[in-house]
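Written out below as structure tokens is the structure these notes cover.
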Ligand SMILES: Cc1cc2nc3c(=O)[nH]c(=O)nc-3n(C[C@H](O)[C@H](O)[C@H](O)COP(=O)(O)OP(=O)(O)OC[C@H]3O[C@@H](n4cnc5c(N)ncnc54)[C@H](O)[C@@H]3O)c2cc1C
């Protein structure tokens, strides 16, 4: 198929978009202007292909959204925040290329486990000796087990773990009540779901893609939460967008329909009726959104199954902004685990250079869903009261607060990465992200490294772009 080949006088180098009547024609259309879609657009243009990126929101960035509290400074990360410069090479290279400033996550001082007390960052939580032993056993066995999952084919382990939830796996490994609650913090903090709502094999696979549970949970060098962006992670997206040809990105363009025709190529229609044509499409929308787009012919049963059964966890962030980092003065690093809701985790989200002193509170999982039913004033009051309970007495009032509930975003509906619940898991060993006709699939959840993370989004965007580039270069 080569619908625009006759216009292509330079071997697939249609520059910018061409208006053909009411239809804009390019070689490749990318759906979704998050990190994955922007990376794909970058790679395609670098290879000399013309492309257009259609983004539903009025901004690029998707799940990266950095909001300054005052013009140009004091950024709070409403979405993805952390990276590291050890094992996330694509993010690291982009940071270097764009010259972005990073802030090291504070791990100096003690952590807190609610109801149990303080403990030094990196040491075991202050549990009874029996619970400590049980926790170490579960953590070490989960860590070892996730390294045995074959990333590209995790269906191979289905026979043993396919129908087991993470909670059941923890019980099998001898978890006591408190250890089960700590395992629940892992799944809720990492995926927004309770440990009895996520299959063990899915979680193990998720950890494997990020180099293991311990690496993903770590705030230290090489860990998932080691570095933050001083001017916001969304600057990765803005930087990629700046490098694209003018008018590549079309915002406020939710795609509603995609038709594939062997003679005329792909027709993409947005909600407001705008029409676009291309020879190839790269979809970067999270899998649950594939069901919101009408495909003709329809997608394969695998993709429909995935789109129907994937669920997004509940994920909200509340920033508490203070005049000073009072927790550091108490010898605390800002990392606390809450057991009695609504706050599951807090972390130091300060940028000392900018005079920003903040704790970020994660409100996740089922507790979060119930919390979100309340009105905003009640929600905020509950968070502040809970932080007081976790941290003790005489906690200063925050000067300012920011709340972001990802489940209320029309084009996210939850975060950070779709999950297949235990009860619905079937053989995921099939290659569910293979291209369908002229449509290719990217987005962080399709990645086999750092799935659900920024690194995964970049890797997937480049992988899908390469699939397309290879096809154009051989046609
Ligand atoms: C609260 C939170 C915390 C996180 N923390 C971290 C972290 O610390 N570190 C880390 O690495 N990652 C983190 N993540 C995950 C990280 O943000 C994502 O992995 C990454 O941004 C995903 O990029 P993406 O392009 O794959 O998807 P998205 O960012 O979801 O982009 C998909 C895009 O598609 C658009 N879209 C949807 N439907 C349509 C349609 N019909 N037509 C057109 N466009 C459409 C959406 O608007 C969106 O812009 C976090 C995410 C959240 C929400």
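The values are calculated or read from the model by the stated rules, or taken from the named source; none is laboratory data. For clarity, every value in this text was computed on a predicted model and none was experimentally measured. Positions of Cβ are backbone-derived with ideal geometry, glycine not excepted, and every protein chain shown enters the neighbour counts.
A few comments on the model shown:
- Across region 18-49, the number of residues qualifying as within 11 Å of the ligand (Cβ to nearest atom) and in contact with a helix residue (DSSP H, G or I) (Cβ under 6 Å, 6 or more places away or on another chain) comes to 6.
- Among (1) in the same structural domain as residue 38 (by the TED database); (2) free of Cβ contacts under 8 Å to residues at least 40 places away in the same chain; (3) over 21 Å from residue 410 (Cα atoms), the one test that residue 378 misses: (1)
- Failed item, numbered, when residue 206 is tested on (1) buried (at least 17 other Cβ atoms within 10 Å of the Cβ); (2) assigned by the TED database to the domain that holds residue 461; (3) within 13 Å of the ligand (Cβ to nearest atom); (4) closer than 27 Å to residue 291 by Cβ: (2)
- Matching option when the condition is touching a helix residue (DSSP H, G or I) at 6+ places or on another chain (Cβ under 7 Å) and outside any loop (DSSP other than H, G, I, E, B), among 52, 94: 94
- Within region 393-447, tally of residues that are modelled with pLDDT of 90 or more, away from the ligand (no atom under 12 Å from the Cβ), part of a loop (DSSP other than H, G, I, E, B) and touching a helix residue (DSSP H, G or I) at 6+ places or on another chain (Cβ under 8 Å): 5
- Scope region 289-310; condition crowded, with 19+ Cβ neighbours inside 10 Å and modelled with pLDDT under 95; matching residues: 303, 306, 307, 310
- Condition check for residue 282: buried (at least 20 other Cβ atoms within 10 Å of the Cβ), within 12 Å of the ligand (Cβ to nearest atom) and either more than 28 Å from residue 475 (Cα to Cα) or in contact (Cβ under 8 Å) with a residue 24 or more places away in the chain (or both): yes
- Hey, residue 354 in contact (Cβ under 8 Å) with a residue 60 or more places away in the chain and more than 24 Å from the chain's Cα centre (by Cα) or not: yes
- Checking residue 69 against (1) more than 29 Å from residue 317 (Cα to Cα); (2) more than 14 Å from the ligand (Cβ to nearest atom), the condition it does not meet: (1)
- Residues satisfying the stated conditions in region 54-66, i.e. surrounded by 19 or more Cβ atoms within 10 Å (Cβ to Cβ) and near the ligand (Cβ under 9 Å from one of its atoms): 54, 55, 56, 57, 60, 61, 62, 63, 64, 65
- Test: residue 200 is crowded, with 24+ Cβ neighbours inside 10 Å and free of Cβ contacts under 8 Å to residues at least 40 places away in the same chain: no
- In summary, strands (runs of 3 or more DSSP E) completely within region 291-374 and bearing 3 or more residues that are within 12 Å of the ligand (Cβ to nearest atom) and touching a helix residue (DSSP H, G or I) at 6+ places or on another chain (Cβ under 6 Å) occur at 315-322, 357-364.
- Given (1) modelled with pLDDT under 95; (2) more than 18 Å from the chain's Cα centre (by Cα), number of the condition residue 330 does not satisfy: (1)
- Considering 441, 362, 411, the condition of being surrounded by fewer than 19 Cβ atoms within 10 Å (Cβ to Cβ) and touching a residue at least 24 places away in the same chain (Cβ under 8 Å) is satisfied by 411 alone.
- Among the residues of region 67-84, the ones that are buried (at least 17 other Cβ atoms within 10 Å of the Cβ) and either part of a loop (DSSP other than H, G, I, E, B) or in the same structural domain as residue 403 (by the TED database) (or both) come to 5 in all.
- Complete set of residues in region 192-209 that are under 15 Å from the mean Cα position of the chain (by Cα) and either at pLDDT below 95 or more than 20 Å from residue 366 (Cα to Cα) (or both): 203, 206, 207, 209
- Residue among 106, 84 that is away from the ligand (no atom under 11 Å from the Cβ) and under 30 Å from residue 314 (Cβ atoms): 106
- Selection of first residues in region 114-126 that are on the phi < 0 side of the Ramachandran plot and of second residues that are part of a loop (DSSP other than H, G, I, E, B) and surrounded by fewer than 13 Cβ atoms within 10 Å (Cβ to Cβ), restricted to Cβ pairs under 7 Å at least 6 apart or on distinct chains, gives the following pairs, ordered by first then second residue: 114/340.
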